[in-house]
Amino acid sequence: MPAHDVSRDVKYLNKDFASFRNSLIEFAQTYFPNTYNDFNESDPGMMFIEMASYVGDVLSYYIDEQFKESMLSFAEEKRTIYQMAQGYGYKP
């Protein structure tokens, strides 16, 4: 594997299953062309790529929800709104 910063080649804006899956396949093709090169749906290696894509998709969802709840104008949970209002000095 070449000795360079791999993180600059990775795109962090992919937020859905298909994008994660495609990025992982592209990553494997780029950095492990001789080690893993069977991207057939029935290959067991694809199961791991798809499981990692699923985890990325679910984590993206929860991160987005947490971020949304951290802003007063977009928060939906009553407890969160009360806590933020109290933090600003308001009495709900």
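A few comments on the model shown:
- Whole-percent carbon and sulfur share, accessible surface of region 16-76, 1.4 Å: 61 percent
- Met47 contributes about 100 Å² of solvent-accessible surface, heavy atoms of the protein only, 1.4 Å probe.
- Within region 38-84, all pairs of alpha-carbon atoms sorted by distance into 10 Å bins from zero give the percentages 25, 28, 19, 15, 12, 1.
- Only protein heavy atoms count here; under a 1.4 Å probe, Ser53 has an accessible surface of about 0 Å².
- Overall dimensions of the chain, expressed as equivalent-ellipsoid semi-axes from the Cα gyration tensor (√(5λ), whole Å, largest first), are 41, 15, 8.
- Taking all protein chains as shown and a probe of 1.4 angstrom, Thr30 keeps an accessible surface of around 80 Å².
- The value of relative contact order for the chain, using C-alpha pairs under 8 Å at least six residues apart, is 23 percent.
- Taking all protein chains into account, the per residue accessible area for region 7-92 stands at 79 Å² (1.4 Å probe).
The values are calculated or read from the model by the stated rules, or taken from the named source; none is laboratory data. Quick caveat, the model's predicted, so the values are computed rather than measured. Ligands, DNA and RNA are excluded from the accessible area calculation, which covers all protein heavy atoms including side chains. Shrake-Rupley method; radii C 1.70, N 1.55, O 1.52, S 1.80 Å.
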